[in-house]
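Below is one structure, written out as structure tokens, with a few remarks after it.
The values are calculated or read from the model by the stated rules, or taken from the named source; none is laboratory data. This is a predicted model, so every value here is computed, not measured. Every residue, glycine as well, gets a Cβ built from its backbone with ideal geometry; the counts of neighbours run over all protein chains shown. To get the accessible areas, we keep the full protein, side chains included, count just its heavy atoms, and leave off ligands, DNA and RNA. Shrake-Rupley method; radii C 1.70, N 1.55, O 1.52, S 1.80 Å.
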Amino acid sequence: MKLGVNIDHVAVLREARKVNDPDILQALYVACESGADQITIHLREDRRHIQDSDVTNIIRFSKVPVNLECSIDEEIIHIVCNEKPHRATLVPEKREEVTTEGGLDLFTHADAIKSAIGQLDQASIPTSLFIDPTIEAITHSKELGAVMVELHTGHFANIYAMLHSSLPYSNHTIKTLELPRNVLEQKLQDAIDALQQAAKHAASIGLEVAAGHGLNYQNVHHIMGIQEITELNIGQSIVARSLFSGLDKAVREMKRLTQR
Ligand code: PXP
């Protein structure tokens, strides 16, 4: 399994202060040194985390392939074509969303997606489509010219979190998933089955299959069981974990510097 490390959240922290700390290129270096097979970044239309200069620098300095996520906005596609990442992943984008909430709507935006794939293809950039795990979405992705799909694992991850994490007891509980455990357990199995079937269908029609969104140290083993998925893109949980694997050292170091 290839691991794509999504470093957007390092830029989220940087942008909160508008300083170059944490330095995204340091994150790139550490991720590559630690075994990332790919770096994934998302150049959002609202530039809430990754900036245009980050895209240029990350593509220039990365020792591993860079997977650039983007919307189908014409200006963004133009930038992506010029930057020449190893791959583009088309994702849906809404200004008000906290994160990418669902897969691309391939039916409403078919013409725009097809045109974006065509432009990327002209620039020799293979395209992946971030889609919900349905058979129709897989079939349509192929028809639109994608060479790869990334299955959205957010629904699976949300159910898993409601069953097995502290999420239901926090402010971020998912109201629509406040259900009895046995119902959630069935939904979890259904979500895994949907991913399994979608992955199988995608591989059978010659699409490469990635998956991502909401994957973490607890739930990733379910996805590892799906043989057709050959790449995972993971961000939030890795950056969140790094806080706690590094916070003690960071405090100790500052404590040392502030001793008299
Ligand atoms: N894959 C895609 C297409 C995404 O949009 C994201 C979120 O930016 C991820 C993977 C990573 O998701 P997470 O940060 O929840 O691991």
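Looking at GLU150 and the list (1) of a type in the set (D, E, K, R); (2) surrounded by 15 or more Cβ atoms within 10 Å (Cβ to Cβ); (3) more than 16 Å from the ligand (Cβ to nearest atom), which single condition is not satisfied?
Every condition holds for GLU150 apart from (3).
Of the residues HIS9, HIS42, only one is closer than 22 Å to GLU208 by Cβ and at pLDDT 95 or above; which? Break it down into steps so the answer makes sense when it comes.
On the way: HIS9 fails: closer than 22 Å to GLU208 by Cβ.
Just a single option satisfies the conditions, and that option is HIS42.
Please determine, by comparing only the residues of the stretch 195-217 that are within 19 Å of the chain's Cα centre (by Cα) and assigned to a helix (DSSP H, G or I), which one is farthest from the ligand (Cβ to nearest atom).
Initially, the stretch 195-217 is screened for residues within 19 Å of the chain's Cα centre (by Cα), giving 195-196, 198-199, 202, 207-217.
Right, trim to assigned to a helix (DSSP H, G or I) and you get 195-196, 198-199, 202.
Numbers: LEU195: 14, GLN196: 19, ALA198: 15, ALA199: 15, ALA202: 15 Å.
In this case the residue turns out to be GLN196.
Are there any pairs with C-beta distances below 7 angstrom linking a residue in the stretch 58-85 that is hydroxyl-bearing (Ser, Thr, Tyr) to a residue that is open to solvent by less than 20 Å² (accessible area, probe 1.4 Å), with the two at least 6 apart or on different chains, and if so which?
That search, which allows pairs on different chains as well, returns SER62/LEU28; SER62/ILE39; SER71/VAL91.
Taking the stretch 164-194 on its own, how many of its residues are assigned to a helix (DSSP H, G or I), touching a residue at least 24 places away in the same chain (Cβ under 8 Å) and either loosely packed, with under 15 Cβ neighbours inside 10 Å or among the basic types (Lys, Arg) (or both)?
As a first pass, look at the stretch 164-194 and keep what is assigned to a helix (DSSP H, G or I): 164, 167-169, 175-177, 181-194.
Those still in the list that are touching a residue at least 24 places away in the same chain (Cβ under 8 Å) too: 164, 184, 187-188, 191-192, 194.
This time we only want the ones that are either loosely packed, with under 15 Cβ neighbours inside 10 Å or among the basic types (Lys, Arg) (or both), so: 164, 187.
Count: 2.
Check every one of the strands (runs of 3 or more DSSP E) wholly within the stretch 1-83 and list those with 2 or more residues that are crowded, with 17+ Cβ neighbours inside 10 Å and polar (S, T, N, Q). Before the answer, list the steps.
Values: elements: 2-6, 38-42, 66-70.
In the stretch 1-83, 38-42 are the strands (runs of 3 or more DSSP E) which contain 2 or more residues that are crowded, with 17+ Cβ neighbours inside 10 Å and polar (S, T, N, Q).
Got a sec? Which of ILE125, ILE113 is part of a helix (DSSP H, G or I) and either crowded, with 20+ Cβ neighbours inside 10 Å or on the phi < 0 side of the Ramachandran plot (or both)?
On the way: ILE125 fails: part of a helix (DSSP H, G or I).
Exactly one residue qualifies, and that residue is ILE113.
Restricting the search to the stretch 218-239, which residues are in contact (Cβ under 8 Å) with a residue 40 or more places away in the chain, assigned to a helix (DSSP H, G or I) and either open to solvent by 50 Å² or more (accessible area, probe 1.4 Å) or small (Gly, Ala, Ser) (or both)? Give the derivation first.
Taking the stretch 218-239 first, the residues in contact (Cβ under 8 Å) with a residue 40 or more places away in the chain are 218-219, 222-224, 229-236, 238-239.
This time we only want the ones that are assigned to a helix (DSSP H, G or I), so: 222-224, 236, 238-239.
Within the stretch 218-239, HIS222, MET224, GLN236 qualify.
Yes or no: the stretch 152-163 includes at least one residue that is in contact (Cβ under 8 Å) with a residue 40 or more places away in the chain, over 25 Å from ASP190 (Cβ atoms) and in a strand (DSSP E or B).
Here is the first cut: in the stretch 152-163, the residues in contact (Cβ under 8 Å) with a residue 40 or more places away in the chain are 152-154, 156-158, 160-161.
This time we only want the ones that are over 25 Å from ASP190 (Cβ atoms), so: none.
Checked the stretch 152-163: no residue is in contact (Cβ under 8 Å) with a residue 40 or more places away in the chain, over 25 Å from ASP190 (Cβ atoms) and in a strand (DSSP E or B).
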